[in-house]
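The values are calculated or read from the model by the stated rules, or taken from the named source; none is laboratory data. Keep in mind that what you see is a predicted model, and the values were worked out from it rather than measured. Reconstructed Cβ throughout: ideal geometry from the backbone, glycine too, with neighbour counts over all protein chains shown.
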Amino acid sequence: MKILIVEDDVSLRLGLRDLLQKAGYDADAVGTVREARLTAGNVGVYGAYLLDVMLPDGSGLDLCVFLRANTAAPILLLTALDDEESVIAGLSAGADDYVYKPFRARELLARLNANLRRGQENKTLLESGALVFFPKEGRFSLNGKPFFLPPKGSLLLAALLESAGRLLTREQLFYRLWDVDENYVDENTLSVEVSRLRKALGRFDGRDYIETVRGVGYRWALPVNAVGREAEPQ
């Protein structure tokens, strides 16, 4: 997924781009309203937007209005203004969420992921082998029956399926499994979660669902197909 960052502070702009790329997103970063309008000319390219409110050549709120008129993708405003009037103005402009500066990396990623999940209502199902993922509800079925996982297992499985066979590094998965409550994910935790998920999934036609790329990360080993909504598992 591509995300557009609009932030005039160079160090913060580059830091945000690096953070999102480490989390597995494809991020573009610009510093002005003009650059943003040019970059976002084809608004269908981006799955989410992070906008600074105070920009050197205009208002992030006006940019938000422009984007919202052309896309339903999540828009998060990055701002130091936390008074009620500013919040109301941002939401009225079409923003989905506010992230107040200074913010923690985990908080930003958690808010971004939450808004992306809420924006998946019309997304088709993802099917791979005997497994089906319902993005809207964050649910899974395996062999036609509901398949339940603990929170981190669900996040890990969703990340692997959405990557559709693309290699996810261990570092990218650390960021995906981080949460706002300071529950840090380290090497051992990730290995344990992958092992538990493998055991829960079993095998499909004699193959493991998850492939380990030693020293680098993991990828989903089976083809992933987007399918229309069908009868949900009972």
From (1) part of a strand (DSSP E or B); (2) of a type in the set (A, V, I, L, M, F, W, C); (3) at pLDDT below 90, pick out the condition that doesn't hold for Leu38. (1)
Do we have Pro146 as more than 23 Å from Met1 (Cα to Cα), in contact with a Ser or Thr (Cβ under 6 Å, 6 or more places away or on another chain) and either outside any strand (DSSP E or B) or modelled with pLDDT of 90 or more (or both) here? no
Would you please name the residue that is nearest to Lys2 (Cα to Cα), looking only at residues in the stretch 58-104 that are among the small types (Gly, Ala, Ser) and assigned to a loop (DSSP other than H, G, I, E, B)? Ala73
Is it the case that Glu127 is part of a strand (DSSP E or B) and among the charged types (D, E, K, R)? yes
Hey, could you check the stretch 41-68 for residues that are at pLDDT below 90 and of a type in the set (Gly, Ala, Ser) and say which is nearest to Arg166 (Cα to Cα)? Gly47
Within 20 Å of Tyr98 (Cβ to Cβ), in the same structural domain as Asp97 (by TED's automatic domain parsing), aliphatic (A, V, I, L, M) and touching a strand residue (DSSP E or B) at 6+ places or on another chain (Cβ under 8 Å): does that describe Leu12? no
For the stretch 129-161, enumerate the residues that are surrounded by 18 or more Cβ atoms within 10 Å (Cβ to Cβ) and within 15 Å of the chain's Cα centre (by Cα). Pro135, Lys152, Leu155, Leu156, Leu157, Ala158, Ala159, Leu160, Leu161
Scan the stretch 12-35 residue by residue and report those that are farther than 29 Å from Leu160 by Cβ and in a strand (DSSP E or B). Val30
Of Val45, Val30, Val6, Val53, the only residue that is in contact (Cβ under 8 Å) with a residue 24 or more places away in the chain, touching a Lys or Arg at 6+ places or on another chain (Cβ under 9 Å) and surrounded by 22 or more Cβ atoms within 10 Å (Cβ to Cβ) is Val6
